[in-house]
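Remarks on the structure that follows.
The values are calculated or read from the model by the stated rules, or taken from the named source; none is laboratory data. Quick caveat, the model's predicted, so the values are computed rather than measured. Using ideal geometry, Cβ is built from the backbone for each residue, glycine included, and neighbour counts are taken over all protein chains shown.
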Amino acid sequence: MQYCQGTKCHRYRTRDRIRGKQGDKCYQTRRRTNFYYGNGNFCSLNCLNDWLNDNIEQALNHFGRTTEPKKVLCDDAWYKDRDWRSDAYFFKNDLLGKKIAITEAQYNNRSIQNPIDRYPSNIKH
């Protein structure tokens, strides 16, 4: 059974955290919920935020901080979009200011992520 990893979970005074027999009661850490906060490690957003506030600096130092801006270049900026009013599907690239119409099947096909996937014969080797 997995318990909430929140550093202050046992300190929140809610009825579902009360455990024990009359005269020997205490507040106890909850079991995790099926809301999957923090990939299922926390029972609530409060507990997730408590853990982050207590551990974020150590986690960033361990896994590495971003020290330079990350970039998405024009050729990699394509994404699928849908106009719900007209029920139209297309690839869109805001950096290039382009829109390419596609079918609903292509929109739903997860293996097609950009216009090059749609037209593989256009790839130059």
Checklist entry - Which residue pairs have Cβ atoms closer than 8 Å, lie 6 or more positions apart in sequence or on different chains, and pair a first residue in segment 87-111 that is modelled with pLDDT of 95 or more with a second residue that is hydroxyl-bearing (Ser, Thr, Tyr) and not in a strand (DSSP E or B)? => result Tyr89/Thr103; Tyr89/Tyr107
Checklist outcome for this item: For segment 69-80, pairs from a residue that is under 11 Å from Asp94 (Cα atoms) to a residue that is surrounded by 12 or more Cβ atoms within 10 Å (Cβ to Cβ) and among the charged types (D, E, K, R), with Cβ under 7 Å and 6 or more apart or across chains, are Ala77/Asp94; Tyr79/Lys92
Checklist outcome for this item: Within segment 31-72, the residues that are among the aliphatic types (A, V, I, L, M) and more than 23 Å from His10 (Cα to Cα) are Leu60, Val72
Item to check | Test: residue in segment 66-89 that is more than 30 Å from Ile112 (Cβ to Cβ), within 21 Å of the chain's Cα centre (by Cα) and not β-branched (Val, Ile, Thr) | outcome: no
Checklist outcome for this item: When segment 1-13 is checked residue by residue, the ones that are hydrophobic (A, V, I, L, M, F, W, C) and either modelled with pLDDT of 85 or more or not in a loop (DSSP other than H, G, I, E, B) (or both) are Cys4, Cys9
Next on the checklist: Could you tell me how many of the residues in segment 4-13 are surrounded by fewer than 17 Cβ atoms within 10 Å (Cβ to Cβ) and more than 18 Å from Gly38 (Cα to Cα)?
Outcome noted: 2
Item to check | Check on Asn41, farther than 30 Å from Gln106 by Cβ, within 18 Å of the chain's Cα centre (by Cα) and polar (S, T, N, Q) | outcome: yes
